[in-house]
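Shown next, in structure tokens, is the structure this report addresses.
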Amino acid sequence: GQRSRRTGRVVNFVRATGTSSGMSSPLPHVDRTLQASLASSLSSYHGFVQSVLDQLAELGWRKCDLFAVHMALEESISNAIRHGNKEDPAKKVQVDCRLSPARFWVQICDEGPGFKPAAVPDCCAPDRLEACGGRGLALIEAYMTAVQYNQRGNCLTMEKCVDPADGEQPAGCPTAEN
């Protein structure tokens with residue numbers, strides 16, 4: 001498990017299947033760090049997301065990869081606000097980002113009771129294609145290199161790894177098969 005610097009509590013990260021993952025350490029090759037304690041309001045996080053995107057652009061990230069990070073951040077933070085904290089103004093969403101030319105790593109934690117990602121219905125199932133909502137987790141999984149939830153289900157860690165030179169997976173980042 002990892003000890004959170006903000007709360008001092010131990011947080012174990014597991015995949016939705018409940019098995020341990022080979023996600024990279026949050027610290028190697030870090031050039032920049034951004035952190036925020038966001039209000040549980042759907043209007044509170046857009047400036048932070050734009051700051052992350054601006055920093056990644058300065059680090060040389062391609063537009064298609066910026067789009068992927070943008071979508072994943074929008075979905076994950078809005079889910080934490082709406083579903084985790086229920087837009088309760090007394091609750092915060094903690095966001096911790098590590099940025100480099102080859103890697104975006106973020107941890108997003110809300111104060112809600114958590115959820116079981118495996119229990120979320122498959123949005124691509126024929127009977128769910130016209131259902132409202134439920135596509136955010138699928139988008140996050142599609143756009144990120146690795147996605148993990150803590151056991152409680154109120155803390156998401158995800159990363160996207162790119163090679164700014166040619167778009168290939170850099171050494172030290174997990175592959176889709178990991």
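Of the accessible area of the range 28-75, computed with a 1.4 Å probe over protein heavy atoms only, carbon and sulfur atoms account for 53 percent. Modelled spin-label separation between Phe115 and Ala90, with each label point placed 7 Å from Cα along the Cα-to-Cβ direction: 2.3 nm.
Rolling a 1.4 Å probe over the heavy atoms of the protein chains gives the range 52-101 an accessible area of 43 Å² per residue.
Highest mean first, the peptides 53-66, 149-162 sorted by other C-beta atoms within 10 Å per residue fall in the order 149-162, 53-66.
Size descriptors for the range 41-139: radius of gyration and Dmax over Cα atoms are 14.8, 43 Å.
Of all lysines in the structure, the ones whose alpha carbon falls short of 22 Å from that of Lys86, not counting any fewer than 8 places away in one chain, are Lys116. If you plug the beta carbon distance of Ala131 and Asp163 into 1/(1 + (r/R0)^6) with R0 = 35 Å, you get a FRET efficiency near 0.40.
The values are calculated or read from the model by the stated rules, or taken from the named source; none is laboratory data. Just so you know, these numbers come straight off a predicted model, no measurement behind them. Every residue, glycine as well, gets a Cβ built from its backbone with ideal geometry; the counts of neighbours run over all protein chains shown. Side chains are part of the model used for accessible areas, which takes the heavy atoms of the whole protein and leaves out ligands, DNA and RNA. Shrake-Rupley method; radii C 1.70, N 1.55, O 1.52, S 1.80 Å.
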